[in-house]
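Remarks on the structure that follows.
The values are calculated or read from the model by the stated rules, or taken from the named source; none is laboratory data. Please read all numbers here as calculations on a predicted model, not as lab measurements. Cβ sites come from the backbone with ideal geometry, for glycine too, and all protein chains shown count toward neighbours. Keep in mind that these areas ignore ligands, DNA and RNA; they rest on the heavy atoms of the full protein, side chains included. Shrake-Rupley method; radii C 1.70, N 1.55, O 1.52, S 1.80 Å.
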Amino acid sequence: MKKYLILVLSSISAFSQIDKVEPPFWWSGMQHTDVQIMFYGKNIAQNEVTVSNTTIKGIQKTENPNYIFVTIDTKNTSTQELVFTFKNKNKSFTHPYSLKLRKENSKNRKGYDASDVIYLIMPDRFANGNSANDSHVSVTEKYSRDLPGGRHGGDIEGIVKNLDYLNQLGVTAVWSTPLCEDNDEKYSYHTYGQSDVYKIDPRYGTNEDYLKMSQQLHTRNMKNIMDYVTNHWGWKHWMINDLPTHDWIHQFPEFTNSNYRMTTQFDENAAEIDAKYCMDGWFVKSMPDLNQANPLVNNYLIQNALWWIEYADLDGFRVDTYSYCDKKGIAEWTKAITDEYPYFNIVGEVWMHDQAQMAYWQKDSKIGAIQSYNSNLPSVMDFTLHDAIGTVFNEDKPGWDKGMIKIYENFTNDFLYPNPNNLLVFLENHDTQRFNQLYPDFKKYQMGLTLIGTIRGIPQLYYGTEIGMAGNKDKGDADIRQDFPGGWIGDTNNAFTKSGRTETQNKYFDFTSKLLNWRKNKIVIHSGKTTHYIPENNVYVYFRHNDTESVMVIINNSTEKQSFKTKRFQENIASYTKGNDVISATDFNLKNDITIDAKSVLLLELK
């Protein structure tokens, strides 16, 4: 009997034509029940396909015989191992396909929100937890820490080993730049040119390691945010040299860059060719542009996103280059995810410099509705605030459009957003100039961090900023993505520990930790109303308040000590008589004038 089984299995193996199956498995009990499974292998489309214990709702073959897309109905199918049979003439083979048990209450997972502080990590540059995976035989680029733009060896295990550091810092969510495989020959550490979107890059670890990271975050009441790329793949993606369809990616007679003019997506005066080149042009030469208008492509991306959420127990997405995608396709992608997970949060990178243009991309935008468009995207990144932050703290003398009035004016346009409390606010990220490079002054760091930590929205901190790390983007991206000190064996400066940090690093860390840990339990900051006052003498005053508490924030951007009467703010001070500064624990009598030092902040809890 055993001999017979061996012969049968050998026969099946000999005829099997399957090299890849995506998604590799699914779950019972999902709202997305029509699962379109892609089978890939030499001439796989020549086979007839059947499946056990469920219904095939559709089979789609393309001009490439190496692909077949089989849609099955999992609506009333229990957790089990399905069996696909592929038959061609007298030859046949089978392939098992698992429907797994879904996590209890998975649908109602709660995403990140304004109660969180997000910590952005460039994993290759954060910490090397496992030197054994610094290079890997399956990918081209090898470890070379001496190269500024090379692979430096940071990995998932390095993040996990330092989660207690992040917890102590006061952050509640981790956004890592992409972790899926990027097989470019060089400059692959940023991982935005992915070559396999179902597989963690082996230099970071394994899929199981990523799941472990989620679990370790959750045990600390922290959230895991995946950086997802819908607009493009890397040119080394396994599919690019054997496309399922000619229009899987946007193709031109010769290489065509995006014109990067995102305004053409809604400009009613725009030439069609300009709008086309924005959406369809390639972001860079090594990143083929995906065609979300192709239903096969969009469904592939939808299922891949759902698969990662369910598999890795994710709490949110940050979506790269969101506004370069096909408008209709990306709205369908986003809706499919939020329909499956109603409380899941997604922030899109909409790098624009006008609030109305950014607001267009937020879910239920009245501006988008003018053109009958709804992106379904819950959150966008507040790039206009970032623009203001990039210059304001060096503008010592106020003017009509200089100094703290820039910050004030940014918030005057909040009425344009359907949900300003769900905007992502930040001092910098992995693509911008480092804040501490612009402002190598601890007092300015205090002003900047207090601002994003107390205004409406979801604050995001970039790794290393909390210890004073700088870096000059003018020298190249690698300079703003330097290795975190202490993340590598042999580092003489270990900023992950108090004793290992320098005096300056501890000054930055202690301030950051105090502010962020205070913020954790402050509902008035998470969801309170904002009332702000026109800056005078470069001093900006605003209140975050609800029915039970009020916080008064004072930012003096002047180079001189300032004193002012509190009578002007009586509508918010009301019956409060005292303000206690969160940072210094100093009490201020609200009936008297308030004096604030130059280039400093007061964060007053009103009593």
TODO: Using the heavy atoms of the protein chains and a 1.4 angstrom probe, tell me the accessible area per residue for the chain in square angstrom.
DONE: 41 Å²
Open item on the list: At 1.4 Å probe size, with the rest of the protein present, what percent of the exposed accessible area of region 121-186 is carbon and sulfur atoms?
Closed with: 50 percent
Task: Charge dipole (debye, nearest 20) of region 479-583; +1 at Cβ of Lys and Arg, -1 at Cβ of Asp and Glu - done: 360 debye
Open item on the list: What distance in nm separates the two pseudo spin-label positions at D477 and S499, each 7 Å out from Cα along the beta-carbon direction?
Closed with: 3.9 nm
Task: Helix-only [θ]222 nm of the chain, DSSP H runs n ≥ 4, -39500 (n - 2.57) each, per residue, nearest 500 - done: -7000 deg cm²/dmol
Task: the chain: relative contact order in percent, alpha carbon pairs under 8 Å with at least 6 residues between - done: 11 percent
Task: For region 477-519: rounded, prolate or oblate by the Cα gyration tensor [a/c cutoff 1.5] - done: oblate
- [ ] For region 534-548, take each phi angle, set θ = phi - 60°, evaluate the Karplus expression 6.51 cos²θ - 1.76 cosθ + 1.60, and give the result in whole Hz per residue in order, putting x for glycine and proline.
- [x] 4, x, 10, 6, 6, 10, 10, 10, 9, 10, 10, 8, 9, 6, 10
- [ ] May I have the pair-distance distribution P(r) for region 279-355, computed from all Cα-Cα distances with 5 Å bins from 0 and rounded to whole percent?
- [x] 3, 14, 24, 26, 19, 11, 4, 0
Task: Charge dipole of the chain about the Cα centre (unit charges at C-beta), most positive-ward option of N105, I121, Y189 - done: N105
Task: Computed FRET value (nearest 0.05) for E549 with D34, which takes r as the C-beta separation and R₀ as 56 Å - done: 0.70
- [ ] Can you tell me the FRET efficiency between D401 and T531 if r is taken as the Cβ-Cβ distance and R0 is 30 Å, rounded to the nearest 0.05?
- [x] 0.85
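What trypsin sites (Lys or Arg not before Pro) does region 560-595 have in DSSP loop regions with at most 16 other beta carbons within 10 Å? Don't jump to the answer; show the numbers that get you there.
Details: sites: K561, K565, K567, R568, K578, K591; in loops: K561, K565, K591.
Those satisfying the criteria are K561, K565, K591.
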TODO: In Å³ and rounded to a whole number, note down the convex hull volume per residue for the Cα atoms of the chain.
DONE: 174 Å³
- [ ] Treat each spin label as a single point 7 Å out from the Cα along the C-beta direction, and report the E268 to K520 distance in nm.
- [x] 5.1 nm
Open item on the list: Check which residues have an amide H placed less than 5 Å from R102's amide H, if you skip close sequence neighbours.
Closed with: S28
- [ ] Can you pull the one-decimal nm distance between simple spin-label points at K212 and R568, each 7 Å off the Cα toward Cβ?
- [x] 5.7 nm
- [ ] Would you kindly state how much longer the chain becomes between F415 and D313 on full extension, computed as 0.36 nm times their sequence separation minus their alpha carbon distance, in nm to one decimal?
- [x] 33.3 nm
- [ ] Please give the FRET efficiency for V284 paired with D242, using the beta carbon to beta carbon distance and R0 = 22 Å, rounded to the nearest 0.05.
- [x] 0.50
Task: Potential extension, E48-N257 segment - 0.36 nm per residue separation minus Cα distance - done: 71.2 nm
Task: Estimated dipole of region 395-512 in Debye, rounded to 20 [Cβ of Lys and Arg +1, of Asp and Glu -1, Cα centre] - done: 220 debye
TODO: Rounding to the nearest 20 debye, state how big the charge dipole of the chain is about its Cα centre with +1 on each Lys and Arg Cβ and -1 on each Asp and Glu Cβ.
DONE: 1360 debye
Open item on the list: Just want the answer: with Cβ charges of +1 for Lys and Arg and -1 for Asp and Glu, which residue in N299, T206, I467 is farthest toward the dipole's positive end in the chain?
Closed with: T206
TODO: DSSP loop (so not H, G, I, E, B), at most 15 other Cβ within 10 Å: list which trypsin sites (Lys or Arg not before Pro) in region 149-218 pass both filters.
DONE: K186
Task: Selection of GluC sites (Glu not before Pro), region 149-235, meeting DSSP coil and at most 15 other Cβ within 10 Å - done: E185
- [ ] Would you mind calculating the gained length between E185 and T79 on full extension (0.36 nm times residue separation, minus the Cα-Cα distance), in nm to one decimal?
- [x] 34.0 nm
